[in-house]
1. In segment 38-59, which residues are within 17 Å of Pro14 (Cβ to Cβ) and out of contact with any strand residue (DSSP E or B) (no Cβ under 8 Å at 6 or more places or on another chain)?
2. Could you tell me whether segment 58-73 includes any residue that is small (Gly, Ala, Ser) and within 10 Å of the chain's Cα centre (by Cα)?
3. Look through Ala98, Ala70, Ala83 and report the one residue that is among the aliphatic types (A, V, I, L, M) and crowded, with 16+ Cβ neighbours inside 10 Å.
4. Within segment 12-22, how many residues turn out to be in a loop (DSSP other than H, G, I, E, B) and either surrounded by 12 or more Cβ atoms within 10 Å (Cβ to Cβ) or modelled with pLDDT of 95 or more (or both)?
5. On the given criteria, is Ser25 surrounded by 12 or more Cβ atoms within 10 Å (Cβ to Cβ) and at pLDDT below 95?
6. With respect to Ala89, is the statement that it is of a type outside the set (Ser, Thr, Tyr), without any contact (Cβ under 8 Å) to a residue 60 or more places away in the chain and buried (at least 18 other Cβ atoms within 10 Å of the Cβ) true?
7. Given the condition more than 22 Å from Ala95 (Cβ to Cβ), of a type outside the set (Gly, Ala, Ser), modelled with pLDDT of 95 or more and assigned to a loop (DSSP other than H, G, I, E, B), answer yes or no: does some residue in segment 42-49 qualify?
8. Which ones in segment 53-102 are in a loop (DSSP other than H, G, I, E, B), touching a Lys or Arg at 6+ places or on another chain (Cβ under 7 Å) and among the acidic types (Asp, Glu)?
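The values are calculated or read from the model by the stated rules, or taken from the named source; none is laboratory data. Here the structure is a predicted model, which means the values were calculated and not measured. Neighbour counts are summed over all protein chains in view; Cβ atoms, including those assigned to glycine, are modelled from backbone coordinates with ideal geometry.
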Amino acid sequence: MRFEVLPGLPPYGPPAISFTERGDSEFREGLVIRFYPKRSDPWVGNFLGGMSDYTNVLDHPNGRDVIVVAWGETFIIDPEHRAIREHVASDTQRAIPASALG
């Protein structure tokens, strides 16, 4: 899965999809990621995080999903459907890519 972390919300194009722990729409900037799904158009997600200072984006081992950690809030994202597959944790301090585990 291809994705890129953006420096902020894009000033043009379709609005970013907001992702929060509660699923509420919020209108502030968080961790902004552009996804490039294989079978649909690219899109931007805005992930509003928690209280931790840890942020990271990783390929999921299944090769389809993406793991997003936004200030400790950890989500498994289905980029093809622009949806949260699972909210994993609210206090993640570290995530290691599966490829680094050998």
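1. Those that are within 17 Å of Pro14 (Cβ to Cβ) and out of contact with any strand residue (DSSP E or B) (no Cβ under 8 Å at 6 or more places or on another chain): Ser40, Asp41.
2. For segment 58-73, residues small (Gly, Ala, Ser) and within 10 Å of the chain's Cα centre (by Cα): present.
3. Being among the aliphatic types (A, V, I, L, M) and crowded, with 16+ Cβ neighbours inside 10 Å holds for just one of Ala98, Ala70, Ala83, which is Ala70.
4. 3
5. no
6. no
7. Scanning segment 42-49, I find at least one residue that is more than 22 Å from Ala95 (Cβ to Cβ), of a type outside the set (Gly, Ala, Ser), modelled with pLDDT of 95 or more and assigned to a loop (DSSP other than H, G, I, E, B), so the answer is yes.
8. Matches in segment 53-102: Asp65, Glu80.
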